[in-house]
Amino acid sequence: MPKYLWKVSYTAEGAKGVLKEGGSSRRDMVAAMAKGMGGSMDAFYFAFGEDDVYVIADAPDNATAASISMSVAAGGAASIETVVLLSPEEIDEAAKKSVPYRRPGE
């Protein structure tokens, strides 16, 4: 199953919600959301810096991951960036493919 990294930044409204409900409540909601969409959550961490939360999760496909991302963004309490993660084996497979590419000017 494809794996994704979600980088989430809360708005002021979202941060107020976390203060009210707590961090473990958010973690549990994300785990349930992933499961409800046919996937699973591997990791959930709050962080300092530009992003407030990092989630690593499995989803059945890119369309499902995009649906989750759009739903979070549309909620207005957070912005989200979805990063598709690739396994070392997928990179091995990619490295074996022949691509008919040439650099400009060659």
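Below is a table of values for the structure above.
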quantity: Residue within region 86-102 that is at pLDDT 95 or above, touching a strand residue (DSSP E or B) at 6+ places or on another chain (Cβ under 9 Å) and within 15 Å of Pro2 (Cα to Cα) present; calculated: yes
quantity: Enumerated strands (runs of 3 or more DSSP E) restricted to region 7-88, each holding at least 1 residues that are free of Cβ contacts under 8 Å to residues at least 12 places away in the same chain; calculated: 40-46
quantity: Residue in region 62-71 that is loosely packed, with under 14 Cβ neighbours inside 10 Å, of a type in the set (Val, Ile, Thr) and touching a strand residue (DSSP E or B) at 6+ places or on another chain (Cβ under 9 Å) present; calculated: no
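The values are calculated or read from the model by the stated rules, or taken from the named source; none is laboratory data. Remember, predicted model here, so these are calculated numbers, not experimental data. Glycine also receives a Cβ, built like all others from the backbone with ideal geometry; neighbour counts cover every protein chain displayed.
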